[in-house]
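The values are calculated or read from the model by the stated rules, or taken from the named source; none is laboratory data. Remember, predicted model here, so these are calculated numbers, not experimental data. Glycine also receives a Cβ, built like all others from the backbone with ideal geometry; neighbour counts cover every protein chain displayed.
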Amino acid sequence: MTGADGRWAAAVTSAGEYAVLVDVATLPAGETLRDPASNPRTVTVALGATAAALFPLGEPTTGGSEPTSDGTAAPDATPDAEGDGGTAITGGRVAQQAVNGLIFGILLALASVGLSLLYGTTGLSNFAHGEQVTLGAILAYVGTQALGLPLVAAGVVAVALGAASGWLQDAGIWHPLRRRRVGNTQQMIVTIGFSMVLQYTFQFFFGGGRLRIVIDNPVPVQLGPVIVSQQSLISAVIAVVTLVGVAWFLVGTRTGRATRAVSDNPALASASGISVERIIRLVWTAGTGLAALGGVLIPLYFNSTSWNMGGTILLLMFAAVTLGGLGTAYGALAGSLVIGLIAEMSSLVIPSDMRYAGALLILIIVLLVRPQGILGRAERVG
């Protein structure tokens, strides 16, 4: 039975192909299926995902609509059908995409804040930071699916190991390079190579398919016209609490103020008695821990992860950090929210596969107007 808007939903407990049939006897008086030959339609369903079957009404067409690869219909375009999939832009869709964008932006901020702090304290653009996100996701996957740990326990272990990997990286790679006065450009090239090594290591051991941290179907939560999965809401709450904790650490603790001092002027901070190397080691540890937490939570939003997930969102993280203002944690948060909103809202008018391109276009436009970013400080050149 459909709702007042003609929509319906049915939960399934196993993946596979399902036949969807519309009982034409129940259609409103005077209504017919535009393509009677496509009734019933076979839909391929994967657990944790949504598969749609569209049965347009109207006068039957001569050729009918061609079903797409996911079992949905491809009806004839109409003047009021805009955006991805030919669905009209409605208030409900706008609200849905706005909420999705806020949640994605908050989760993206977890990884972006660590990347921004690292750039602020060392001047290094770490192209391997995305793989720290993937590491957190894969560790959570191993914990839940291979070791049988509860999700919370697997997440805690993943974050702890992710933070430990940052400590080991700085101790074994980056501190020796800094001690030998290797420039940031050379170090950046090392991060690119390190990123490739980690990516293909993940692919070698875990394959190129999708990995699901949890295999249960998401529980939907209705918030007015918006439907959000329960795990996405919990992930957003955890991310907000963590970001508030990071803000308190930077503002309200002595070590946090020392971190900000090193980010502003490392030479002056060192002259003031602050151990710059200790602060950098702390930033590496905390930044990779935050990235690992993002790696645990982002796949819960997307319902799966893969060996190259971190590489996929790396440009978005750099865009968020640059848009917000290089080296500022609050700027990374602001930039992530903007990128998340633009990425999700743009799918209202362009295909969803291009939504990240729309976010990067906004980055270019904003930087043309304000080169220092949203919360960055203008600097004199020359």
Checklist outcome for this item: Over the range 227-257, the set of residues out of contact with any Leu (no Cβ under 9 Å at 6 or more places or on another chain), farther than 30 Å from ALA9 by Cα and in a helix (DSSP H, G or I) is VAL240, VAL241, VAL244, GLY245, TRP248, PHE249, VAL251, GLY252, ARG254
Checklist entry - What residue, of ALA146, ALA158, is modelled with pLDDT under 95 and of a type in the set (Gly, Ala, Ser)? => result ALA146
Checklist entry - So which residues in the range 297-308 are out of contact with any strand residue (DSSP E or B) (no Cβ under 9 Å at 6 or more places or on another chain) and under 17 Å from GLN199 (Cα atoms), if there are any at all? => result ASN308
Checklist entry - Quick one: what pairs do we get from the range 212-227, first residue of a type in the set (A, V, I, L, M, F, W, C), second assigned to a loop (DSSP other than H, G, I, E, B), C-beta under 7 Å, 6+ apart or different chains? => result ILE215/LEU47
Checklist entry - If you check SER346 against the conditions, is it under 11 Å from GLY101 (Cβ atoms), part of a helix (DSSP H, G or I) and without any contact (Cβ under 8 Å) to a residue 60 or more places away in the chain? => result yes
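Residue-by-condition table, conditions (1) more than 22 Å from the chain's Cα centre (by Cα); (2) assigned by TED's automatic domain parsing to the domain that holds LEU110; (3) farther than 27 Å from ARG278 by Cα:
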{"residue": "VAL142", "(1), (2), (3)": "no, yes, yes"}
{"residue": "VAL159", "(1), (2), (3)": "no, yes, no"}
{"residue": "ALA164", "(1), (2), (3)": "yes, yes, no"}
{"residue": "VAL190", "(1), (2), (3)": "yes, yes, no"}
{"residue": "SER195", "(1), (2), (3)": "no, yes, no"}
Next on the checklist: Let me confirm something: among GLY105, GLY86, which residue is closer than 22 Å to MET345 by Cα, under 27 Å from the mean Cα position of the chain (by Cα), modelled with pLDDT under 70 and surrounded by 11 or more Cβ atoms within 10 Å (Cβ to Cβ)?
Outcome noted: GLY86
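Starting from residues that are hydrophobic (A, V, I, L, M, F, W, C) and either within 17 Å of ALA95 (Cα to Cα) or modelled with pLDDT under 90 (or both), keep the ones in the range 219-235 and report whichever is surrounded by the most Cβ atoms within 10 Å (Cβ to Cβ).
Across the range 219-235, the extreme among qualifying residues is VAL228.
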Checklist entry - Can you pull out the residues in the range 122-165 that are β-branched (Val, Ile, Thr) and free of Cβ contacts under 8 Å to residues at least 40 places away in the same chain? => result VAL142, VAL152, VAL156, VAL157
Next on the checklist: The conditions are (1) over 30 Å from THR305 (Cβ atoms); (2) modelled with pLDDT under 75, and THR72 fails exactly one of them. Which is it?
Outcome noted: (1)
